[in-house]
Amino acid sequence: MSGFTRDTKHYGDKLVYEALGSKWRRYHDNHCGCGLNWVTEHAEPAGFTVVRSGSGWVALTGPGLTEGVDESALTANALWEAVTGKPGEGWAETVHVMDRSEAAEKKRKADNDAAYADRRERSARSKTEPATAAQLKYLNTLVAKAGRERFDAEFNKAVKGTGLAPRGADEKTQAALGRLTKAAARKLITALVGP
């Protein structure tokens with residue numbers, strides 16, 4: 001979502017309006033329809049300054065948007081009018097403050113690591129643990145339906161990059177299945193169930 005932001009890492013001490021480019025391009029196309037670039041042809045001539053552009057975002061400052069306005073009742077009315085040619089709706093927006101200090105970034109990384117630690121551990125285990133009995137039983141029924149040629153092709157795709165060798169020319173189906181890990185078995189099941 002677009003919105004007002006204070007982010008010292010990207011904008012210093014400036015209050016900016018981060019406009020999601022695709023959203024504002026859509027507003028412009030639907031309401032103005034001139035076919036020109038909304039930033040260079042509408043926002044900049046109206047007095048807005050582009051602070052940063054990239055990754056789909058355009059950070060803007062300027063009169064009526066971030067300068068000379070009541071920060072407790074910020075609206076994007078000035079930008080809306082410049083881009084679409086119509087008066088804004090007057091919806092007040094809050095300022096999203098991004099704390100990117102070194103301590104805050106370390107805390108965010110630690111929180112992220114803790115939140116995803118269990119998922120990463122399960123993923124790592126599934127790449128080394130052998131396939132379960134239920135997976136093997138289901139694979140046996142799928143192999144009978146798929147046929148040898150399709151099974152061989154899908155088996156080799158499923159084990160690619162896992163450290164498991166592709167199916168040998170004379171290797172029995174049960175021996176090949178017995179070498180599968182949980183993750184490879186899951187991948188093979190998905191492939192054989194599909195069309």
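The values are calculated or read from the model by the stated rules, or taken from the named source; none is laboratory data. Quick caveat, the model's predicted, so the values are computed rather than measured. Cβ: placed from backbone, ideal geometry, glycine included. Neighbour counts: every protein chain shown. SASA here: full protein model, heavy atoms, side chains in, ligands and nucleic acids out. Shrake-Rupley method; radii C 1.70, N 1.55, O 1.52, S 1.80 Å.
Taking a 29 Å limit on the Cα-Cα distance, which of the listed pairs Lys127/Lys172; Lys9/Lys127; Lys137/Lys157; Lys14/Lys107 fall beyond it?
Listed pairs above 29 Å: Lys9/Lys127.
What is the dipole size for the stretch 67-115, taken about its Cα centre, with +1 at each Lys and Arg Cβ and -1 at each Asp and Glu Cβ, in debye to the nearest 20?
Dipole about the Cα centre, nearest 20: 240 debye.
Give the separation of the Cα centroids, the stretch 119-144 to the stretch 69-117, in Å.
Computed from Cα coordinates, the inter-centre distance equals 44 Å.
Provide Ser55, Ser123, Ser2 ordered by accessible surface of protein heavy atoms (probe 1.4 Å), highest first.
My answer, sorted largest first, is Ser55, Ser123, Ser2.
With an 8 Å Cα cut-off and a minimum separation of 6 or more residues, compute the relative contact order for the stretch 28-94 in percent.
28 percent
Would you mind calculating the relative contact order of the stretch 91-195 from Cα pairs under 8 angstrom and at least 6 residues apart, reporting the percent as a whole number?
The normalised contact order for the stretch 91-195 reaches 36 percent.
Angle between the Cα long axis of helix 133-146 and the longest principal axis of the chain, 0 to 90 degrees, nearest 10?
80 degrees
For a quick check of understanding: with a 1.4 angstrom probe and all protein chains in place, what accessible area in square angstrom does Arg150 have, to the nearest ten?
Estimated to the nearest 10 Å², Arg150 gives 70 Å².
Pop the C-beta distance of Glu102 and Thr141 into the FRET formula with R0 = 45 Å and round what comes out to the nearest 0.05.
Calculated transfer efficiency: 0.20.
Using a 1.4 angstrom probe on the protein heavy atoms only, could you order His96, His28, His10, His42 from most to least accessible area?
Result, largest first: His96, His10, His42, His28.
Report, in degrees rounded to the nearest 10, the 0 to 90 angle that the Cα long axis of helix 148-159 makes with the longest principal axis of the chain.
Helix 148-159 sits at roughly 50 degrees to that axis.
Given contacts defined as C-alpha pairs under 8 Å and at least six residues apart, what's the relative contact order of the stretch 1-67, whole-number percent?
32 percent
Translational diffusion coefficient, Stokes-Einstein: compute it for the stretch 4-57 using the Kirkwood radius over C-alpha pairs as Rh, at 20 °C and 1.002 mPa s, and state it as an integer in µm² s⁻¹.
My calculation gives 177 µm²/s for D.
Beyond 21 Å, how much of the Cα-Cα pair distribution for the chain remains, as a whole percent?
More than 21 Å apart: 66 percent of the Cα pairs in the chain.
Could you tell me the calculated FRET efficiency between Val95 and Asn30, based on Cβ-Cβ distance and R0 = 30 angstrom, to the nearest 0.05?
0.65
Would you please give the FRET efficiency between Glu149 and Lys109, computed as 1/(1 + (r/R0)^6) with r the Cβ-Cβ distance and R0 = 35 Å, to the nearest 0.05?
Once the sixth-power term is evaluated, E becomes 0.15.
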